[in-house]
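Here the structure is laid out as structure tokens; the discussion comes afterwards.
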Amino acid sequence: MQTVKALYQYSTKTMSKLFLLALLVTFSTVSSANAPLSVDDLMQDGLLKVSVNLKEQSQIVPRQQAILEIELISYHDFSDNMKIDFFDIENAIVSKPFARTGFKTKTIKGKQWYIQTKEVALYPLKEGEYNVAPIATEAFINIEGNVVSGKIQTQAYTFNITQTEKLKQVKGYIASSKLDVVREITEQPEQALAIGSAITIKREIHGDNLHGVMLPDFEPIQFDGAQTYEKPTNKSDGYDVLSDISQTRLTSSVTLIFQQEGLYKLPAETVLWWDTTKKRLKTVTMPEMSFQVGESSEEIIANAPQKAESQPQTSTSTINWWLVIVICTALLFLLAIIKVIRQNKQVITAHFNQRIHFKALVNRYLYAIEQSEHQVALACLYQIADIKHNNKPALKALIQNDKEQATLQLLFTLAYDKKQMTDSVSKQSAKALLQTIIDKKFETHFFTPVKFNMKLN
């Protein structure tokens, strides 16, 4: 009997301990479930990934722009654009990240993933192996209305740069997809140059997919018999959002005041340009300039007094002079037209590139509506309206019509409501919503007309 009683007491104590242990495990599980997530948790669970790669390009030579792409892949949608800390690479110029953040969705094994990309332009200075240390990247994740943010690091990355045979013996070249070089007089003098006359010479280099650090300095302009006043050289870097390219411009301005008569010659200047599109080395030449101050020896002889001729000019001479006047006038008009086209080339190109990009967004939006990819459709609307992703109030503010507001609200519901919805957005309603946003966003003129100026300055 005592043995049975002892066994009963032992089993009771054992069950009590097991019960307390189960309560403790349950409490720990609940506490862990209620604990806030972090980006590290998402990384460990495979719900957030980061990678870095060199964007695919044909052979990259030293001094040429290379694009490093950092990519975030998340199981949950993003609440804001990713941010990248500044980093450095030995023997390379690293510019700040491009302002644009790429966004897209991708279906992987039947699940929709969200992808953000950020690009950074690099300019390797010599051939060899380049090591990229881990890059700190800040992510902003939206999990059921709660924002989870934090910094994660990419893996270390290595890439190689090789020199082409065509450039083995070439020094000081500029590697760019497009290069414009100009040397001109800003204002043509209305009268012949004399002592005390002044002219201003402007020199400019403009390149695409290029950084100002990679541009060489201009040769100084010096003349005996003329005072020289040079403004500080200006280098400016920018980013064309429509063309999705970086650009740089180098400008120099020199004013000459002539203090002696004579012929002044400014030698030609050359720039070596590696055309990264055609993979060819080109020589861009700024032609020689000459300035005659006072009368030349030929002009003095021509202007010497001569005995007056009594014979009248023949009709053939008169016709020749009229022919010269007509030809000169036609050349002036031709030069004016060419200059107008050159001055507005970037405006015209940017306009057409913007229209192509805009049309692609519209087609992508309508296709997403047809495929019931409602989150992709909303992402397109944010880009069309030029509004930060997930800024719902700003997008709604563009809609004044009740019918279009109802369409937009239905689109939000279909995109983010977890419940099964039987409703859908018709193509006609989607087009009406798109047209309302376009009309509201682009009330001002989209493109400045090209202006024609008769002056050749």
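The values are calculated or read from the model by the stated rules, or taken from the named source; none is laboratory data. All figures in this text were calculated on a predicted structure; none of them were measured in a lab. Quick reminder, even Gly has a Cβ in these numbers, built from the backbone with ideal geometry, and neighbours come from all protein chains shown.
A few points about this structure:
- Residue selection: Phe223 satisfies the criterion of being surrounded by 15 or more Cβ atoms within 10 Å (Cβ to Cβ) and either closer than 18 Å to Met286 by Cβ or of a type in the set (Lys, Arg) (or both).
- Only residues that are in contact (Cβ under 8 Å) with a residue 40 or more places away in the chain and either loosely packed, with under 12 Cβ neighbours inside 10 Å or part of a helix (DSSP H, G or I) (or both) were counted across region 396-423, and they come to 4.
- Subset tally (residues that are of a type in the set (Asp, Glu) and either within 17 Å of Ile60 (Cβ to Cβ) or modelled with pLDDT of 90 or more (or both)) for region 163-191: 3
- Of all residues in region 338-392, those satisfying the criterion of being modelled with pLDDT of 75 or more and small (Gly, Ala, Ser) are Ala360, Ala368, Ser372, Ala377, Ala379, Ala385.
- When each of Glu184, Glu144 is tested for being without any contact (Cβ under 8 Å) to a residue 24 or more places away in the chain and closer than 30 Å to Arg203 by Cα, the lone residue that passes is Glu184.
- Check on Thr314, farther than 30 Å from Lys178 by Cβ, at pLDDT below 90, surrounded by 10 or more Cβ atoms within 10 Å (Cβ to Cβ) and not assigned by TED's automatic domain parsing to the domain that holds Ser177: no
- Count of residues meeting criterion [closer than 20 Å to Pro134 by Cα, assigned to a loop (DSSP other than H, G, I, E, B) and of a type outside the set (A, V, I, L, M)] in region 150-187: 2
- Failed criterion for Thr248 (all others in (1) touching a helix residue (DSSP H, G or I) at 6+ places or on another chain (Cβ under 9 Å); (2) farther than 15 Å from Leu179 by Cβ; (3) crowded, with 16+ Cβ neighbours inside 10 Å; (4) of a type in the set (Ser, Thr, Tyr) hold): (2)
- Where strands (runs of 3 or more DSSP E) fall entirely within region 212-301, those with at least 2 residues that are aliphatic (A, V, I, L, M) and farther than 27 Å from Gln59 by Cβ are at 245-258, 262-266, 289-293.
- Residue match in region 96-104 (condition: modelled with pLDDT of 90 or more and over 17 Å from the mean Cα position of the chain (by Cα)): yes
- Residue in region 278-287 that is at pLDDT 90 or above, over 30 Å from Glu165 (Cβ atoms) and not assigned by TED's automatic domain parsing to the domain that holds Pro62 present: yes
- Given (1) without any contact (Cβ under 8 Å) to a residue 40 or more places away in the chain; (2) surrounded by 14 or more Cβ atoms within 10 Å (Cβ to Cβ), number of the condition Lys111 does not satisfy: (2)
- Filter result for the condition that a residue is closer than 30 Å to His357 by Cβ, in a loop (DSSP other than H, G, I, E, B), assigned by TED's automatic domain parsing to the domain that holds Lys49 and touching a residue at least 60 places away in the same chain (Cβ under 8 Å), over Ala139, Ala121, Ala99: Ala99
- Enumeration of residues in region 190-220 that are free of Cβ contacts under 8 Å to residues at least 40 places away in the same chain and surrounded by 14 or more Cβ atoms within 10 Å (Cβ to Cβ): Asp208, Gly212
- If you filter region 422-449 down to residues that are more than 17 Å from Leu378 (Cα to Cα) and touching a helix residue (DSSP H, G or I) at 6+ places or on another chain (Cβ under 7 Å), you find that the one that is modelled with the lowest pLDDT is Phe447.
- Residue pairs meeting the criteria (Cβ under 9 Å; at least 6 apart or on separate chains; first touching a residue at least 24 places away in the same chain (Cβ under 8 Å), in region 258-270; second hydroxyl-bearing (Ser, Thr, Tyr) and in a strand (DSSP E or B)): Phe258/Tyr264; Leu263/Ser290; Tyr264/Ser290; Lys265/Ser290; Leu266/Ser290; Glu269/Thr285
This table checks each residue for (1) modelled with pLDDT under 60; (2) of a type outside the set (Asp, Glu).
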residue: Leu7; (1), (2): yes, yes
residue: Thr14; (1), (2): no, yes
residue: Ala33; (1), (2): yes, yes
residue: Asp40; (1), (2): no, no
residue: Asp45; (1), (2): no, no
residue: Gln57; (1), (2): no, yes
residue: Ile60; (1), (2): no, yes
residue: Asn81; (1), (2): no, yes
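- Long-range neighbours under 7 Å by Cβ, at least six apart or interchain, first residue over 20 Å from Ile84 (Cβ atoms) within region 28-56, second at pLDDT 90 or above: Leu37/Ile143; Leu37/Val148; Leu47/Ser74; Leu47/Tyr75; Leu47/His76
- Residues within region 363-395 that are over 19 Å from Ile141 (Cα atoms), among the aliphatic types (A, V, I, L, M) and in contact (Cβ under 8 Å) with a residue 12 or more places away in the chain, tallied: 8
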